[in-house]
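Heads up, the thing below is written out as C-alpha coordinates.
The values are calculated or read from the model by the stated rules, or taken from the named source; none is laboratory data. As the structure is a computational prediction, the values presented were derived from the model and not from experiment. So basically every Cβ, Gly included, is an ideal-geometry build from the backbone, and we count neighbours across all protein chains shown.
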Amino acid sequence: MKKLYFNKSIITTIVLSILISIPINFASAFAYVFAGDANGLDVVTHPIGYNGTGGTVTVTVGIDPTSTFATNMQVSVQNAVAMFNGLVTTTGNVEFGVISGSDVDFESVLLHEMGHSLGLAHCNAATESGLTGANRNYTKATDGADDTFNLDAGADGIIGSADDIRGDDVNLNYFKIADNNPFTIAGTIDQTTYSRDLADLPSGTFSANGDRDVSTLLSVPDTESAMQQGSFSGETQRTLAADDVAGIRYAEAGIDETAGTADDYNLVLNYVGLDNTADILIDFDNSETGFAVSQSSGVFVGGGHISITANNIFFNTGFNWFFNPSLSLEDPTINASKISLFPNPTDNSVTLRNPFLIGLESIKIYDINGRVIESRIIDKDANLYEIDLNISEFESGIYLFVIESEKGKLVERVVKK
(Lines give C-alpha, C1' and ligand atoms only; values in the text may rest on other atoms or scores of the structure.)
Protein backbone atom coordinates (compact mmCIF):
# COMPACT_ATOMS: atom_id res chain seq x y z
CA MET A 1 0.00 0.00 0.00
CA LYS A 2 1.46 3.32 -1.04
CA LYS A 3 1.23 6.14 1.45
CA LEU A 4 0.40 9.59 0.12
CA TYR A 5 -0.22 12.96 1.76
CA PHE A 6 -1.69 16.12 0.28
CA ASN A 7 -0.50 19.59 1.09
CA LYS A 8 -3.12 21.81 2.63
CA SER A 9 -3.54 24.98 4.61
CA ILE A 10 -5.46 25.41 7.84
CA ILE A 11 -7.20 28.62 8.88
CA THR A 12 -6.70 28.54 12.64
CA THR A 13 -8.97 31.44 13.58
CA ILE A 14 -12.74 31.10 13.47
CA VAL A 15 -13.00 29.58 10.00
CA LEU A 16 -11.37 26.22 9.61
CA SER A 17 -10.77 23.72 6.82
CA ILE A 18 -9.68 20.25 7.83
CA LEU A 19 -8.18 17.94 5.27
CA ILE A 20 -7.33 14.32 5.63
CA SER A 21 -4.90 12.43 3.47
CA ILE A 22 -4.46 9.06 1.90
CA PRO A 23 -3.41 6.68 3.20
CA ILE A 24 -4.27 7.68 6.71
CA ASN A 25 -3.40 6.29 10.10
CA PHE A 26 -6.46 6.74 12.32
CA ALA A 27 -5.96 7.07 16.12
CA SER A 28 -6.91 9.18 19.11
CA ALA A 29 -7.15 10.80 22.29
CA PHE A 30 -9.65 13.50 21.49
CA ALA A 31 -9.05 17.12 20.54
CA TYR A 32 -11.21 19.92 19.16
CA VAL A 33 -11.23 22.00 16.00
CA PHE A 34 -10.39 25.69 16.58
CA ALA A 35 -8.22 24.82 19.63
CA GLY A 36 -4.68 26.21 19.42
CA ASP A 37 -2.60 29.33 19.83
CA ALA A 38 -5.03 31.55 17.89
CA ASN A 39 -8.31 30.79 19.70
CA GLY A 40 -7.09 29.26 22.95
CA LEU A 41 -5.56 25.96 23.95
CA ASP A 42 -8.54 24.88 26.04
CA VAL A 43 -11.22 25.46 23.41
CA VAL A 44 -14.02 22.88 23.31
CA THR A 45 -16.03 22.89 20.08
CA HIS A 46 -19.73 22.05 19.82
CA PRO A 47 -21.94 21.13 16.86
CA ILE A 48 -24.28 23.44 14.99
CA GLY A 49 -27.18 24.53 17.19
CA TYR A 50 -25.60 24.47 20.65
CA ASN A 51 -26.04 27.86 22.33
CA GLY A 52 -24.85 27.11 25.84
CA THR A 53 -28.13 25.80 27.22
CA GLY A 54 -29.11 22.20 27.77
CA GLY A 55 -31.53 20.01 25.82
CA THR A 56 -31.44 18.17 22.51
CA VAL A 57 -29.25 19.56 19.72
CA THR A 58 -30.48 18.26 16.36
CA VAL A 59 -28.14 18.52 13.38
CA THR A 60 -29.42 17.67 9.91
CA VAL A 61 -27.15 15.81 7.50
CA GLY A 62 -27.81 15.78 3.77
CA ILE A 63 -26.32 15.23 0.34
CA ASP A 64 -26.18 17.87 -2.38
CA PRO A 65 -28.70 16.56 -4.94
CA THR A 66 -26.50 17.81 -7.80
CA SER A 67 -23.35 16.07 -6.55
CA THR A 68 -21.53 13.37 -8.44
CA PHE A 69 -22.22 10.04 -6.70
CA ALA A 70 -25.22 11.56 -4.88
CA THR A 71 -27.14 8.27 -4.99
CA ASN A 72 -24.09 6.14 -4.19
CA MET A 73 -23.39 8.09 -1.00
CA GLN A 74 -26.75 7.59 0.66
CA VAL A 75 -26.16 4.29 2.48
CA SER A 76 -22.78 5.35 3.86
CA VAL A 77 -24.15 8.69 5.06
CA GLN A 78 -26.95 6.90 6.90
CA ASN A 79 -24.43 4.50 8.46
CA ALA A 80 -22.18 7.35 9.63
CA VAL A 81 -25.18 9.17 11.09
CA ALA A 82 -26.12 5.98 12.95
CA MET A 83 -22.59 5.65 14.35
CA PHE A 84 -22.62 9.15 15.84
CA ASN A 85 -26.16 8.75 17.16
CA GLY A 86 -25.31 5.43 18.80
CA LEU A 87 -21.88 6.43 20.16
CA VAL A 88 -20.86 2.81 20.70
CA THR A 89 -17.17 2.23 21.40
CA THR A 90 -15.49 -0.55 19.44
CA THR A 91 -12.17 -2.35 19.28
CA GLY A 92 -10.75 -4.16 16.28
CA ASN A 93 -12.43 -1.56 14.10
CA VAL A 94 -9.75 -1.64 11.39
CA GLU A 95 -10.79 -4.38 8.96
CA PHE A 96 -8.91 -5.87 6.04
CA GLY A 97 -10.21 -7.72 3.01
CA VAL A 98 -13.61 -6.01 2.93
CA ILE A 99 -12.68 -3.96 -0.13
CA SER A 100 -10.01 -4.38 -2.80
CA GLY A 101 -6.51 -3.07 -2.21
CA SER A 102 -6.87 -0.23 -4.68
CA ASP A 103 -10.20 1.05 -3.31
CA VAL A 104 -10.68 3.87 -0.83
CA ASP A 105 -13.62 3.29 1.50
CA PHE A 106 -15.94 6.29 1.30
CA GLU A 107 -17.76 5.45 4.53
CA SER A 108 -14.54 5.30 6.57
CA VAL A 109 -13.37 8.66 5.28
CA LEU A 110 -16.85 10.16 5.76
CA LEU A 111 -16.94 9.01 9.40
CA HIS A 112 -13.69 10.89 9.97
CA GLU A 113 -14.90 14.04 8.22
CA MET A 114 -18.24 13.97 10.02
CA GLY A 115 -16.32 13.94 13.29
CA HIS A 116 -14.72 17.22 12.23
CA SER A 117 -18.15 18.58 11.33
CA LEU A 118 -19.27 17.89 14.91
CA GLY A 119 -16.24 19.58 16.47
CA LEU A 120 -13.56 16.89 16.78
CA ALA A 121 -10.06 17.61 15.51
CA HIS A 122 -7.22 15.40 14.36
CA CYS A 123 -5.70 13.77 17.40
CA ASN A 124 -2.29 13.43 15.86
CA ALA A 125 -0.03 16.22 14.62
CA ALA A 126 -1.25 15.55 11.07
CA THR A 127 -0.38 17.55 7.96
CA GLU A 128 -1.38 20.89 9.48
CA SER A 129 1.65 20.64 11.79
CA GLY A 130 4.06 20.89 8.87
CA LEU A 131 5.71 17.68 9.99
CA THR A 132 6.40 14.91 7.50
CA GLY A 133 6.09 11.14 7.33
CA ALA A 134 5.67 9.17 10.54
CA ASN A 135 6.29 12.29 12.64
CA ARG A 136 2.71 13.30 11.86
CA ASN A 137 1.59 10.47 14.16
CA TYR A 138 2.89 12.18 17.30
CA THR A 139 0.11 13.38 19.60
CA LYS A 140 -1.46 16.72 18.67
CA ALA A 141 0.29 19.68 20.33
CA THR A 142 1.55 23.19 19.69
CA ASP A 143 5.28 23.69 19.24
CA GLY A 144 5.76 25.56 22.52
CA ALA A 145 7.93 28.53 23.39
CA ASP A 146 10.89 27.38 21.29
CA ASP A 147 8.69 27.33 18.14
CA THR A 148 9.97 23.85 17.31
CA PHE A 149 8.29 20.48 17.72
CA ASN A 150 10.27 18.26 20.08
CA LEU A 151 9.92 14.68 18.89
CA ASP A 152 11.34 11.65 20.68
CA ALA A 153 9.47 8.32 20.67
CA GLY A 154 10.91 7.34 24.06
CA ALA A 155 12.14 3.98 25.27
CA ASP A 156 9.43 1.93 23.55
CA GLY A 157 10.13 3.52 20.16
CA ILE A 158 6.38 3.84 19.47
CA ILE A 159 5.32 7.27 18.20
CA GLY A 160 2.23 8.56 19.99
CA SER A 161 2.60 6.45 23.14
CA ALA A 162 2.76 7.69 26.73
CA ASP A 163 6.55 7.72 27.00
CA ASP A 164 7.10 10.17 24.13
CA ILE A 165 9.46 12.99 25.10
CA ARG A 166 8.06 16.26 23.80
CA GLY A 167 10.11 19.01 25.45
CA ASP A 168 8.08 22.22 25.74
CA ASP A 169 5.41 21.17 23.22
CA VAL A 170 1.96 22.01 24.62
CA ASN A 171 -0.48 19.09 24.55
CA LEU A 172 -3.87 19.62 22.83
CA ASN A 173 -5.24 16.09 23.38
CA TYR A 174 -7.67 15.27 26.16
CA PHE A 175 -6.69 12.00 27.84
CA LYS A 176 -8.35 9.72 30.39
CA ILE A 177 -6.88 10.77 33.72
CA ALA A 178 -7.13 7.32 35.29
CA ASP A 179 -4.81 5.50 32.89
CA ASN A 180 -4.05 7.58 29.76
CA ASN A 181 -5.50 4.74 27.67
CA PRO A 182 -7.27 5.88 24.48
CA PHE A 183 -8.90 2.47 23.95
CA THR A 184 -11.06 2.42 27.10
CA ILE A 185 -13.64 4.93 28.26
CA ALA A 186 -14.69 6.37 31.61
CA GLY A 187 -18.23 5.90 32.92
CA THR A 188 -18.66 9.63 33.48
CA ILE A 189 -17.08 11.84 30.83
CA ASP A 190 -16.26 15.38 31.89
CA GLN A 191 -13.45 17.44 33.43
CA THR A 192 -13.24 15.08 36.42
CA THR A 193 -12.21 12.12 34.25
CA TYR A 194 -10.53 13.69 31.18
CA SER A 195 -7.90 16.41 30.95
CA ARG A 196 -5.57 18.22 28.57
CA ASP A 197 -3.19 19.22 31.38
CA LEU A 198 -0.08 17.03 31.54
CA ALA A 199 0.12 17.77 35.28
CA ASP A 200 -2.67 15.20 35.60
CA LEU A 201 -0.32 12.49 34.28
CA PRO A 202 2.68 10.89 35.98
CA SER A 203 5.84 12.93 35.57
CA GLY A 204 7.67 12.29 32.32
CA THR A 205 4.66 11.04 30.36
CA PHE A 206 2.69 12.58 27.52
CA SER A 207 -0.87 12.17 26.27
CA ALA A 208 -1.09 8.87 24.35
CA ASN A 209 -3.08 8.70 21.14
CA GLY A 210 -4.90 5.72 19.64
CA ASP A 211 -2.61 5.06 16.69
CA ARG A 212 -2.69 1.42 15.59
CA ASP A 213 0.90 0.93 16.74
CA VAL A 214 -0.12 2.17 20.19
CA SER A 215 -3.10 -0.21 20.14
CA THR A 216 -0.75 -3.12 19.53
CA LEU A 217 1.45 -1.92 22.38
CA LEU A 218 -1.60 -1.87 24.67
CA SER A 219 -2.83 -5.29 23.49
CA VAL A 220 -5.81 -3.94 21.54
CA PRO A 221 -4.69 -4.78 17.99
CA ASP A 222 -6.27 -3.42 14.81
CA THR A 223 -7.93 -0.57 16.70
CA GLU A 224 -7.72 3.14 15.93
CA SER A 225 -9.79 6.22 16.52
CA ALA A 226 -11.70 7.52 13.54
CA MET A 227 -10.29 10.99 14.20
CA GLN A 228 -6.59 10.52 13.61
CA GLN A 229 -5.76 11.79 10.16
CA GLY A 230 -5.88 9.23 7.49
CA SER A 231 -6.85 5.90 6.02
CA PHE A 232 -5.12 3.22 4.04
CA SER A 233 -6.57 2.08 0.78
CA GLY A 234 -7.79 -1.49 0.91
CA GLU A 235 -9.12 -1.33 4.47
CA THR A 236 -12.22 -0.12 6.26
CA GLN A 237 -12.83 1.67 9.54
CA ARG A 238 -16.54 2.28 9.86
CA THR A 239 -17.02 2.40 13.63
CA LEU A 240 -15.87 4.64 16.46
CA ALA A 241 -13.20 3.96 19.04
CA ALA A 242 -13.35 4.92 22.72
CA ASP A 243 -11.88 8.40 22.45
CA ASP A 244 -14.06 9.36 19.48
CA VAL A 245 -17.05 8.69 21.70
CA ALA A 246 -15.44 10.42 24.67
CA GLY A 247 -14.80 13.56 22.62
CA ILE A 248 -18.47 13.92 21.70
CA ARG A 249 -19.61 13.09 25.24
CA TYR A 250 -17.17 15.56 26.81
CA ALA A 251 -18.55 18.36 24.66
CA GLU A 252 -22.09 17.29 25.59
CA ALA A 253 -21.20 18.10 29.23
CA GLY A 254 -21.64 21.73 28.17
CA ILE A 255 -19.84 24.94 28.94
CA ASP A 256 -19.20 24.02 32.57
CA GLU A 257 -17.62 20.74 31.34
CA THR A 258 -19.44 18.92 34.15
CA ALA A 259 -21.81 16.07 33.33
CA GLY A 260 -25.27 16.11 34.84
CA THR A 261 -25.81 19.88 34.96
CA ALA A 262 -28.29 22.19 33.26
CA ASP A 263 -26.13 23.05 30.25
CA ASP A 264 -25.66 19.42 29.14
CA TYR A 265 -27.08 18.49 25.75
CA ASN A 266 -27.84 15.38 23.75
CA LEU A 267 -26.63 15.42 20.14
CA VAL A 268 -28.96 13.87 17.56
CA LEU A 269 -28.11 13.68 13.85
CA ASN A 270 -31.02 13.56 11.43
CA TYR A 271 -30.39 12.26 7.91
CA VAL A 272 -32.56 14.27 5.49
CA GLY A 273 -31.49 12.65 2.21
CA LEU A 274 -30.83 14.66 -0.96
CA ASP A 275 -31.30 18.13 0.51
CA ASN A 276 -28.98 21.08 0.01
CA THR A 277 -30.40 22.93 3.04
CA ALA A 278 -28.95 20.47 5.57
CA ASP A 279 -26.71 21.71 8.39
CA ILE A 280 -23.96 19.35 7.22
CA LEU A 281 -23.97 19.18 3.43
CA ILE A 282 -21.94 16.49 1.64
CA ASP A 283 -20.73 16.98 -1.92
CA PHE A 284 -18.09 15.90 -4.43
CA ASP A 285 -16.37 19.09 -5.62
CA ASN A 286 -12.81 18.91 -6.93
CA SER A 287 -12.40 22.68 -6.65
CA GLU A 288 -12.66 22.45 -2.87
CA THR A 289 -10.26 19.59 -2.05
CA GLY A 290 -7.62 17.27 -3.38
CA PHE A 291 -9.09 14.40 -1.37
CA ALA A 292 -11.60 15.16 1.43
CA VAL A 293 -12.25 18.18 3.61
CA SER A 294 -14.64 19.38 6.31
CA GLN A 295 -15.05 23.16 6.26
CA SER A 296 -16.51 24.85 9.33
CA SER A 297 -17.13 28.33 10.69
CA GLY A 298 -17.97 29.01 14.30
CA VAL A 299 -18.69 31.52 17.04
CA PHE A 300 -17.81 31.69 20.73
CA VAL A 301 -20.74 30.74 22.97
CA GLY A 302 -18.86 31.02 26.25
CA GLY A 303 -15.34 31.30 27.59
CA GLY A 304 -13.29 28.70 25.75
CA HIS A 305 -16.30 27.22 23.95
CA ILE A 306 -17.12 27.55 20.25
CA SER A 307 -20.24 26.41 18.43
CA ILE A 308 -20.02 25.55 14.74
CA THR A 309 -22.32 27.76 12.65
CA ALA A 310 -21.92 26.28 9.16
CA ASN A 311 -20.32 23.16 7.67
CA ASN A 312 -19.69 21.44 4.36
CA ILE A 313 -17.92 18.17 3.60
CA PHE A 314 -16.29 17.86 0.19
CA PHE A 315 -14.68 14.92 -1.61
CA ASN A 316 -12.57 14.69 -4.76
CA THR A 317 -13.67 12.35 -7.55
CA GLY A 318 -10.10 11.39 -8.47
CA PHE A 319 -9.98 8.24 -6.34
CA ASN A 320 -11.35 4.75 -6.66
CA TRP A 321 -14.08 5.25 -4.07
CA PHE A 322 -15.89 2.23 -2.69
CA PHE A 323 -19.47 2.94 -1.62
CA ASN A 324 -20.85 0.53 0.98
CA PRO A 325 -24.14 -0.90 -0.37
CA SER A 326 -25.34 -2.24 3.01
CA LEU A 327 -27.05 -0.41 5.84
CA SER A 328 -25.20 -1.47 8.98
CA LEU A 329 -27.78 0.02 11.31
CA GLU A 330 -31.06 1.64 10.38
CA ASP A 331 -31.04 5.36 11.18
CA PRO A 332 -31.64 5.45 14.95
CA THR A 333 -33.60 8.70 14.69
CA ILE A 334 -36.29 7.03 12.56
CA ASN A 335 -38.72 6.42 15.40
CA ALA A 336 -37.45 9.03 17.84
CA SER A 337 -40.67 11.03 17.54
CA LYS A 338 -42.81 7.92 18.11
CA ILE A 339 -40.98 6.06 20.88
CA SER A 340 -39.53 7.80 23.94
CA LEU A 341 -37.51 6.82 27.01
CA PHE A 342 -37.87 8.83 30.20
CA PRO A 343 -36.76 10.09 32.66
CA ASN A 344 -33.27 10.62 31.34
CA PRO A 345 -31.04 10.90 33.37
CA THR A 346 -32.61 8.50 35.84
CA ASP A 347 -31.91 7.01 39.25
CA ASN A 348 -33.82 3.73 39.19
CA SER A 349 -36.13 3.08 36.26
CA VAL A 350 -36.80 4.03 32.66
CA THR A 351 -40.20 4.08 31.00
CA LEU A 352 -40.45 3.27 27.30
CA ARG A 353 -43.52 4.98 25.87
CA ASN A 354 -44.95 3.73 22.58
CA PRO A 355 -47.97 5.98 21.86
CA PHE A 356 -48.48 4.77 18.28
CA LEU A 357 -48.45 1.11 19.37
CA ILE A 358 -45.62 0.20 17.01
CA GLY A 359 -44.91 -3.53 17.12
CA LEU A 360 -41.90 -3.84 19.42
CA GLU A 361 -39.70 -6.91 19.08
CA SER A 362 -36.80 -6.61 21.52
CA ILE A 363 -34.87 -4.32 23.82
CA LYS A 364 -31.14 -4.69 24.40
CA ILE A 365 -29.19 -2.54 26.84
CA TYR A 366 -25.46 -2.09 26.28
CA ASP A 367 -22.87 -0.47 28.52
CA ILE A 368 -20.45 2.13 27.16
CA ASN A 369 -17.96 -0.61 26.24
CA GLY A 370 -20.50 -2.42 24.05
CA ARG A 371 -21.33 -5.28 26.43
CA VAL A 372 -24.95 -6.49 26.55
CA ILE A 373 -26.21 -5.83 30.09
CA GLU A 374 -29.83 -6.86 29.58
CA SER A 375 -31.87 -8.31 26.73
CA ARG A 376 -35.65 -8.70 26.52
CA ILE A 377 -37.81 -10.25 23.80
CA ILE A 378 -41.22 -8.60 23.29
CA ASP A 379 -44.36 -9.95 21.67
CA LYS A 380 -44.82 -7.47 18.84
CA ASP A 381 -48.54 -8.21 18.73
CA ALA A 382 -49.02 -7.17 22.37
CA ASN A 383 -49.61 -3.49 21.41
CA LEU A 384 -47.77 -2.24 24.48
CA TYR A 385 -48.17 1.45 25.26
CA GLU A 386 -45.57 1.56 28.03
CA ILE A 387 -42.80 -0.70 29.33
CA ASP A 388 -41.09 -0.05 32.67
CA LEU A 389 -37.42 -1.04 32.83
CA ASN A 390 -35.77 -1.34 36.24
CA ILE A 391 -32.10 -0.33 36.08
CA SER A 392 -31.62 0.39 39.78
CA GLU A 393 -28.89 -2.26 40.02
CA PHE A 394 -26.90 -0.76 37.14
CA GLU A 395 -23.73 1.17 37.96
CA SER A 396 -23.78 4.90 37.30
CA GLY A 397 -22.85 5.69 33.72
CA ILE A 398 -24.11 5.82 30.14
CA TYR A 399 -26.12 2.99 28.61
CA LEU A 400 -27.27 2.37 25.07
CA PHE A 401 -30.86 1.15 24.60
CA VAL A 402 -31.36 -0.59 21.25
CA ILE A 403 -35.07 -1.08 20.52
CA GLU A 404 -36.03 -3.32 17.61
CA SER A 405 -39.47 -2.78 16.10
CA GLU A 406 -41.42 -3.66 13.00
CA LYS A 407 -40.68 -0.13 11.76
CA GLY A 408 -36.93 -0.27 12.29
CA LYS A 409 -34.34 0.16 15.00
CA LEU A 410 -34.13 2.96 17.56
CA VAL A 411 -30.94 3.68 19.50
CA GLU A 412 -31.11 5.93 22.56
CA ARG A 413 -28.56 6.82 25.23
CA VAL A 414 -29.68 6.82 28.86
CA VAL A 415 -27.70 8.19 31.78
CA LYS A 416 -27.94 6.25 35.05
CA LYS A 417 -27.16 8.61 37.92
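Some notes on this structure:
- Qualifying residue in the stretch 97-104 (condition: surrounded by fewer than 19 Cβ atoms within 10 Å (Cβ to Cβ), part of a strand (DSSP E or B) and in contact (Cβ under 8 Å) with a residue 12 or more places away in the chain): no
- Residues that are modelled with pLDDT under 95 and of a type in the set (Val, Ile, Thr), drawn from the stretch 236-271: THR239, VAL245, THR261, VAL268
- Residues that are over 30 Å from GLY101 (Cβ atoms) number at least 3 in the following strands (runs of 3 or more DSSP E) confined to the stretch 226-308: 265-274, 292-302.
- Residues satisfying the stated conditions in the stretch 186-207, i.e. within 17 Å of the chain's Cα centre (by Cα) and crowded, with 24+ Cβ neighbours inside 10 Å: ILE189, TYR194
- Test for ILE248: is it out of contact with any Asp or Glu (no Cβ under 6 Å at 6 or more places or on another chain), assigned by TED's automatic domain parsing to the domain that holds MET83 and closer than 25 Å to THR193 by Cβ: yes
- When ALA141, ALA153, ALA82 are checked against the criterion of being of a type in the set (Gly, Ala, Ser) and at pLDDT below 95, ALA82 stands alone in meeting it.
- Filter result for the condition that a residue is out of contact with any Leu (no Cβ under 8 Å at 6 or more places or on another chain) and basic (Lys, Arg), over ARG212, ARG238, ARG249, ARG196: ARG212
- When PHE300 is tested against (1) more than 22 Å from LEU120 (Cα to Cα); (2) aromatic (Phe, Trp, Tyr); (3) surrounded by fewer than 20 Cβ atoms within 10 Å (Cβ to Cβ), just one condition goes unmet, and that condition is (1).
- Flag for GLY144 being part of a loop (DSSP other than H, G, I, E, B), touching a strand residue (DSSP E or B) at 6+ places or on another chain (Cβ under 8 Å) and at positive phi: yes
- Selected residue (only one of ASP243, ASP197 is in contact (Cβ under 8 Å) with a residue 60 or more places away in the chain and acidic (Asp, Glu)): ASP243
- Top-ranked residue of the stretch 368-417 - restricted to ones that are of a type in the set (Asp, Glu) and touching a residue at least 60 places away in the same chain (Cβ under 8 Å), ranked as farthest from LEU269 (Cα to Cα): GLU395
- Looking only at residues in the stretch 385-411 that are touching a Gly at 6+ places or on another chain (Cβ under 9 Å) and either not in a strand (DSSP E or B) or not small (Gly, Ala, Ser) (or both), the one that is nearest to ILE185 (Cα to Cα) is ILE398.
- Taken across the stretch 372-383, residues that are acidic (Asp, Glu) and part of a strand (DSSP E or B) do occur, with at least one present.
- Test result for GLY115, assigned to a loop (DSSP other than H, G, I, E, B) and touching an Asp or Glu at 6+ places or on another chain (Cβ under 7 Å): no
- Every residue from the stretch 30-64 that is touching a Gly at 6+ places or on another chain (Cβ under 9 Å) and within 19 Å of PHE106 (Cα to Cα): GLY62, ILE63
- In the stretch 374-388, the residue that is surrounded by the fewest Cβ atoms within 10 Å (Cβ to Cβ) out of those that are at pLDDT 85 or above and hydrophobic (A, V, I, L, M, F, W, C) is ILE377.
- ARG371 closer than 30 Å to ASP190 by Cβ, loosely packed, with under 11 Cβ neighbours inside 10 Å and not acidic (Asp, Glu): yes
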